[in-house]
1. I need a count of the residues in the range 25-70 that are more than 22 Å from residue 14 (Cα to Cα), touching an Asp or Glu at 6+ places or on another chain (Cβ under 9 Å) and surrounded by fewer than 12 Cβ atoms within 10 Å (Cβ to Cβ).
2. Might you let me know whether the range 28-40 holds any residue that is under 23 Å from residue 79 (Cβ atoms), modelled with pLDDT of 90 or more, hydroxyl-bearing (Ser, Thr, Tyr) and within 14 Å of the chain's Cα centre (by Cα)?
3. State whether one or more residues within the range 46-63 are modelled with pLDDT under 90 and not aromatic (Phe, Trp, Tyr).
4. Are any residues in the range 63-80 more than 16 Å from residue 33 (Cα to Cα) and of a type in the set (A, V, I, L, M), and if so, which ones?
Amino acid sequence: MAYNYLRNFLDPREFHINIYDKKIYITNYEKILTLGSNKIIIKAPSKKLTLEGREFSLNKLADKELLILGRLDNLEIKYE
């Protein structure tokens, strides 16, 4: 069990989202569907996330990794 936790920490393969004050960190998403200053829609495995807020800006865009800055007002997750 500890091995799986360590492996996922070092080489994560599952979708993950962390929400901090004025920062949203997302890993292992599939696609960015909409990218705007007030609304972002992300496709992830078996779900779609809609983030609504203010002053969104993309601070980091790497291979399956996003760091979004801004004020998050609403997060909607639709399972497919």
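The values are calculated or read from the model by the stated rules, or taken from the named source; none is laboratory data. Because the structure is a prediction, the values reported are computed rather than measured. Cβ: placed from backbone, ideal geometry, glycine included. Neighbour counts: every protein chain shown.
1. Qualifying residue count for the region: 2.
2. yes
3. Yes, the range 46-63 contains at least one residue that is modelled with pLDDT under 90 and not aromatic (Phe, Trp, Tyr).
4. 69, 72
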